[in-house]
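Taking it in order: structure first as structure tokens, then the write-up.
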Amino acid sequence: MSAHLLSPQWREPAIGIVHLGVGNFHRAHEALYTEEAMLAQPGDWGICGVTLQGDVSKRDALMKQNGLYSVVERGPEGVRVTVVRALREVLAMPFDRARLFALFADERVRIVSLTVTEKGYCRDPQTGDADFSHPGVAHDLMRPEEASTVPGILCAALKARRDAGKPPFTVLSCDNLSHNGDALRQAVCSFARRLDPALAEWIEMQVAFPSTMVDRIVPATTEADREAAQAALGVLDEVPVPCEPFRQWVIEDRFPCGRPAWETAGAQLVDDVAPFEVAKLRMLNATHSTLAYLSMLAGFETISDAVGHAPLRALIHDMMTHEIAPTLDVPASFDLLAYRDALLARYANPALRHRCAQIAMDGSQKMPPRILSTIAVRLAAGRSIERLALATAAWFTFLRGRADDGTRYRIDDPLADRLTKAACDANTPDHLVDAMLAVSDVLPSDLARNSALREALIRAVAKLRGGALAAISEYTRVDKGVA
Ligand code: CS2
């Protein structure tokens, strides 16, 4: 194992990108692409990363290392450690507000990008507007100068630009949301409309919100990653990032004030990201969530353990082949079956300990774009949904907070209180399904009223009551009319 720099040639760049949500994913993805792009084509695209949760220890650990950290790529062939230099500054909100807004006002900042997870967008799931019943959003409308939510911060930042007569920055969503650029634009513009209609109009006319598809499996950092980084570097890195070797970034090419030459680092710049984004959400993220919920019940700790169980691997293989891939409309050059096989190989990577509990978080935000949207398309076409229903039923059952062997775990979800109460109060499969179908923030009303879906869910919940392993085995034989 050895450590390396992408290139010894390095000119210190000025900050051109402010990134909200400087978690592991960003540091193993956009930051690396950006460094490689600057090495291929020098430019001032240094990154200032911002933690929105007041995580001063993360800020301090990174700043103590002058923003440097290592990416620990773990593949079946071994470990590769790379030191990344693109992150030049780290701020923690709300403590560093003045510095953050000084950067927002600086014309050299031409991109504000985000990885804040689905719930960070504070969207009303019914309308897609900012959720005005969210306490943070309501607070930011009353006190915009103290904004703490994504719509509030972006509106305040864009207002400062407009008031100073400067051109806006491009806003780049890098989260797993369908049509993430449009979704963010709607959340920001609807918030701005309540605050200052002229600002909303200016944002609509002037600000680009390109969509992107981002992909790299990036688990949480463990002690083993610190040890691997130290062995390679000879010094301690407090905050290394583990990840798989694979990475992909498809970006809609709309950057009126410029962008790094990300294509030199392998990013695909395209006119329309939607086919890639939908395929990734429905194939990768959906099967990830399926594996996570079934594993939480069955007791598999990591994704590689889960796909090491042949019936579970067969289940998601068949789910992609028969229920998901046929819903996707992709360019002819996009081979969905090869994509499926590549995903299965990535999941099996034994060197990456990607914990199912990490993926199981925030199901109320993840289930709609990952699985429920596919169910809706299948039902509209009169097609079967048995495996997708099992995945959904596994989430419902998971919300009871107890594995099949009785082990208890915590439910981490913005709707946790409501969902766990409904799940624990329900005694029978039909009670559980009806209680969940009534959660209108998650289940759109047309799906909730669909009797074929209700019946498939009740069947699946009933099977899961006999244990997830037994249910998985039965559903692998679903085409033979078993389930
Ligand atoms: C995962 C994703 O945590 C999750 O919900 O499904 O983070 C997944 O690893 C990435 O989207 C892969 O690109």
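The values are calculated or read from the model by the stated rules, or taken from the named source; none is laboratory data. Predicted model, so just to flag it, every value in this text is computed and none were measured. Here the Cβ is made from the backbone with ideal geometry for all residues, glycine too, and neighbour counts use every protein chain on show. The protein model used for the area step is the full one, side chains on, heavy atoms only, and it has no ligands, DNA or RNA in it. Shrake-Rupley method; radii C 1.70, N 1.55, O 1.52, S 1.80 Å.
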For the range 398-413, how many residues meet the condition of being under 23 Å from the mean Cα position of the chain (by Cα) and crowded, with 17+ Cβ neighbours inside 10 Å?
4
Does Phe132 fit the bill of being of a type outside the set (D, E, K, R), outside any strand (DSSP E or B) and open to solvent by 40 Å² or more (accessible area, probe 1.4 Å)?
yes
For the range 33-50, which residues satisfy the criterion of being open to solvent by less than 10 Å² (accessible area, probe 1.4 Å) and closer than 15 Å to Gly67 by Cα?
Thr34, Glu35, Gly46, Ile47, Cys48, Gly49, Val50
In this structure, does Ala160 turn out to be more than 16 Å from the ligand (Cβ to nearest atom), touching a strand residue (DSSP E or B) at 6+ places or on another chain (Cβ under 7 Å), open to solvent by 10 Å² or more (accessible area, probe 1.4 Å) and at negative phi?
no
Answer yes if at least one residue in the range 179-195 is free of Cβ contacts under 8 Å to residues at least 12 places away in the same chain and either buried (at least 23 other Cβ atoms within 10 Å of the Cβ) or among the aromatic types (Phe, Trp, Tyr) (or both), and no otherwise.
no
How many residues does the range 54-92 contain that are part of a loop (DSSP other than H, G, I, E, B) and of a type outside the set (D, E, K, R)?
7
Looking at Val461, Val433, Val439, which one is within 22 Å of Leu294 (Cα to Cα) and either open to solvent by 70 Å² or more (accessible area, probe 1.4 Å) or not in a helix (DSSP H, G or I) (or both)?
Val439
Quick count over the range 14-32, residues being in a loop (DSSP other than H, G, I, E, B), more than 14 Å from the ligand (Cβ to nearest atom) and open to solvent by 10 Å² or more (accessible area, probe 1.4 Å), is 1
Out of the residues in the range 169-190 that are assigned to a helix (DSSP H, G or I) and touching a Cys at 6+ places or on another chain (Cβ under 7 Å), state the one that is farthest from the ligand (Cβ to nearest atom).
Val188
Picking from Ala229, Ala325, which residue would you name as being in contact with an Asp or Glu (Cβ under 6 Å, 6 or more places away or on another chain), more than 13 Å from the ligand (Cβ to nearest atom) and in contact (Cβ under 8 Å) with a residue 40 or more places away in the chain?
Ala229
Can you name every residue in the range 389-407 that is within 16 Å of the ligand (Cβ to nearest atom) and within 20 Å of Ser445 (Cβ to Cβ)?
Thr392, Trp395
Give me the pairs, please: first residue somewhere in the range 210-224 and away from the ligand (no atom under 12 Å from the Cβ) and part of a loop (DSSP other than H, G, I, E, B), second residue anywhere and polar (S, T, N, Q) and open to solvent by less than 40 Å² (accessible area, probe 1.4 Å), beta-carbon distance under 9 Å, and either six or more positions apart or on two chains.
Pro210/Thr170; Pro210/Ser173; Ser211/Ser173; Ser211/Asn180; Thr221/Asn24
Of these, Glu145, Glu107, Glu118, which one is assigned by TED's automatic domain parsing to the domain that holds Ile47, more than 24 Å from the chain's Cα centre (by Cα) and touching a residue at least 24 places away in the same chain (Cβ under 8 Å)?
Glu107
Within the range 346-376, how many residues are away from the ligand (no atom under 14 Å from the Cβ), open to solvent by 20 Å² or more (accessible area, probe 1.4 Å) and either among the aromatic types (Phe, Trp, Tyr) or part of a helix (DSSP H, G or I) (or both)?
3
Could you check the range 135-157 and list, in sequence order, the residues that are surrounded by fewer than 23 Cβ atoms within 10 Å (Cβ to Cβ) and among the charged types (D, E, K, R)?
Arg143, Glu145, Glu146
Exclusive hit being out of contact with any Phe, Trp or Tyr (no Cβ under 9 Å at 6 or more places or on another chain), among the β-branched types (Val, Ile, Thr) and at pLDDT 95 or above, set Val83, Val56, Val50:
Val50
Would you mention how many residues in the range 163-178 are more than 16 Å from Ile203 (Cα to Cα) and either open to solvent by 40 Å² or more (accessible area, probe 1.4 Å) or touching a Gly at 6+ places or on another chain (Cβ under 8 Å) (or both)?
3
Within the range 250-269, count every residue that is crowded, with 22+ Cβ neighbours inside 10 Å and either without any contact (Cβ under 8 Å) to a residue 40 or more places away in the chain or within 16 Å of the ligand (Cβ to nearest atom) (or both).
2
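To keep it simple, each residue is scored yes or no on (1) more than 24 Å from the chain's Cα centre (by Cα); (2) closer than 30 Å to Leu281 by Cβ.
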position	(1), (2)
Cys155	no, yes
Leu158	yes, yes
Lys166	yes, no
Ala192	yes, yes
Leu195	yes, no
For the range 1-13, which residues satisfy the criterion of being within 25 Å of Arg216 (Cα to Cα), of a type outside the set (Ser, Thr, Tyr) and in a loop (DSSP other than H, G, I, E, B)?
Met1, Leu6
Among the residues listed as Thr327, Thr287, the single one being outside the structural domain of Val250 (by TED's automatic domain parsing), closer than 17 Å to Glu386 by Cβ and open to solvent by less than 10 Å² (accessible area, probe 1.4 Å):
Thr287
